[in-house]
Amino acid sequence: MKRIVIFASGSGSNAENLITFFQEREDASVVLVLTNNPQAKVLDRCKRLKVSALSFNRIALVETNDVLGLLKNAKPDLVVLAGFLWKFPENLLHAFPNKVINVHPALLPKFGGKGMYGMHVHEAVVANKEKETGITIHYVNEHYDEGAIIFQASCQVESTDTAEDVAAKIHELEMEHFPKVVAKLLNE
């Protein structure tokens, strides 16, 4: 059985989607969810879904080996960033080479980089009058949103779309594609 660890910072809709997707399978499961936000709704979702979840602070992530120890104990085959807003530290990337992926709410390389997350991305897409946007699932490296692209899916942006409309379209793409791409990676 392959093991997945998820990092999230907010509501956890992508985390819940991944957890429920893999609860129905026998080849993999989400064994741990980690968050940098002790008030994150993802913790409530994990409690309801009976998945271990812990919060940590910046010191545990970047100044000590606490989070690295948690990860090593969990023995993940894949580490999935699902709305995790902090830069992923190099010591974790080196400990799990080519095993850390992220979903980004735009078609990279457009609208990536520091500060480009969530509604900031959707507002930029609308302000830039883009005709299409989408999601990018990519490997994580030392730079924000610059790792090798694994998968992209796109959707149209209408001239009347608001940032909220774009967010809803992106959410649909994430719900549909993210679990399937994770499953495919685990089976390669």
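The values are calculated or read from the model by the stated rules, or taken from the named source; none is laboratory data. From a predicted model like this one, the values you see are computed outputs, not experimental measurements. Virtual Cβ from ideal backbone geometry, glycine too; neighbours counted across all protein chains shown.
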Would you confirm whether or not segment 9-16 contains a residue that is outside any strand (DSSP E or B), over 20 Å from Ile135 (Cβ atoms) and modelled with pLDDT of 95 or more? no
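Do we find a residue being under 20 Å from Asn17 (Cβ atoms) and either part of a helix (DSSP H, G or I) or touching an Asp or Glu at 6+ places or on another chain (Cβ under 6 Å) (or both) anywhere in segment 55-73?
Among the residues of segment 55-73, not one is under 20 Å from Asn17 (Cβ atoms) and either part of a helix (DSSP H, G or I) or touching an Asp or Glu at 6+ places or on another chain (Cβ under 6 Å) (or both), which makes the answer no.
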Would you be able to say whether some residue in segment 86-93 is aliphatic (A, V, I, L, M), closer than 21 Å to Thr136 by Cα and in contact with a Phe, Trp or Tyr (Cβ under 7 Å, 6 or more places away or on another chain)? no
Which condition number in (1) modelled with pLDDT of 95 or more; (2) over 24 Å from Leu71 (Cβ atoms) is the one that Val181 fails? (2)
Any idea which of (1) on the phi > 0 side of the Ramachandran plot; (2) at pLDDT below 95 is the one Phe111 doesn't satisfy? (2)
Return the pairs, sorted by first residue and then second, in which the second residue is assigned to a strand (DSSP E or B) and among the hydroxyl-bearing types (Ser, Thr, Tyr), the first residue lies in segment 1-29 and is on the phi < 0 side of the Ramachandran plot and touching a residue at least 60 places away in the same chain (Cβ under 8 Å), the beta carbons are less than 8 Å apart, and the residues are 6+ apart or on different chains. Lys2/Ser29; Arg3/Ser29; Ile4/Ser29; Phe7/Thr35; Ala8/Thr35; Ser9/Thr35; Phe22/Ser29
Looking only at segment 48-78, and only at residues there that are among the small types (Gly, Ala, Ser) and more than 11 Å from Val31 (Cα to Cα), the one that is surrounded by the most Cβ atoms within 10 Å (Cβ to Cβ): Ala60
Result of the Cβ filter at 9 Å on segment 79-103, keeping first residues that are at positive phi and surrounded by 15 or more Cβ atoms within 10 Å (Cβ to Cβ) and partners that are assigned to a helix (DSSP H, G or I) and among the polar types (S, T, N, Q), at least 6 apart or interchain, is Gly83/Ser13; Gly83/Asn14
Grab the helices (runs of 4 or more DSSP H) fully contained in segment 84-188, keeping just those with 1 or more residues being within 14 Å of the chain's Cα centre (by Cα), of a type in the set (Lys, Arg) and under 30 Å from Ser29 (Cβ atoms). 163-187
Conditions first: (1) of a type in the set (S, T, N, Q); (2) surrounded by 18 or more Cβ atoms within 10 Å (Cβ to Cβ); (3) at positive phi. Thr133 passes all but one, so which condition is the exception? (3)
Residues Leu54, Leu34, Leu49: which one is farther than 21 Å from Val100 by Cα and of a type in the set (A, V, I, L, M)? Leu49
Selected residue [at pLDDT 95 or above, surrounded by 13 or more Cβ atoms within 10 Å (Cβ to Cβ) and among the basic types (Lys, Arg)] from Arg25, Arg45: Arg45
